[in-house]
1. Within the range 57-94, take every residue that is touching a residue at least 60 places away in the same chain (Cβ under 8 Å) and assigned to a loop (DSSP other than H, G, I, E, B) and give me the one that is least open to solvent (accessible area, probe 1.4 Å).
2. Would you say Val12 is in contact (Cβ under 8 Å) with a residue 60 or more places away in the chain, under 14 Å from the mean Cα position of the chain (by Cα) and on the phi < 0 side of the Ramachandran plot?
3. Residue under question is Arg19, and the condition is that it be touching a strand residue (DSSP E or B) at 6+ places or on another chain (Cβ under 7 Å) and among the charged types (D, E, K, R); does it hold?
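The values are calculated or read from the model by the stated rules, or taken from the named source; none is laboratory data. Quick caveat: nothing in here was measured; it's all calculated off a predicted structure. A quick note on method: Cβ atoms are made from the backbone with ideal geometry, for glycine too, and the neighbour counts reach across all protein chains shown. For the accessible areas, the whole protein counts, side chains as well, though only heavy atoms, and no ligand, DNA or RNA atoms are used. Shrake-Rupley method; radii C 1.70, N 1.55, O 1.52, S 1.80 Å.
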Amino acid sequence: QVQLVESGGGLVQPGGSLRLSCLASGSIFRLYTMAWYRQAPGKQRELVASITSGGTTNYRDSVKGRFTISRDNAKNTMYMQMNSLKPEDTAGYYCNTAAGRFSWGQGTQVTVSS
């Protein structure tokens, strides 16, 4: 079973930036369309961005132009550069396949506040 470990979250002021990382334990990672999800308190988990094994990306409208998803298959790692952060981006961020195939990791908390 593939294990996923997210990192890179933190507390940042509005307009700031963070870079999230997702490390997968197995090379099978490279076969899947991967995605970043987020879940705010009291809300359902939502898909933020996805990236195919070949690098085609897709974003939810609210993050287009601000977030950039990328991956390094040789390192079994996916990233998300988050710029111009807003308070509404505050959430726990998780990675998984686009279908949520793997077990969920602990996530990494992103808090955007002044």
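1. Leu85
2. Here the answer is no, as Val12 does not meet what is asked.
3. Details: touching a strand residue (DSSP E or B) at 6+ places or on another chain (Cβ under 7 Å): yes; among the charged types (D, E, K, R): yes.
Judged against the criteria, Arg19 is a match.
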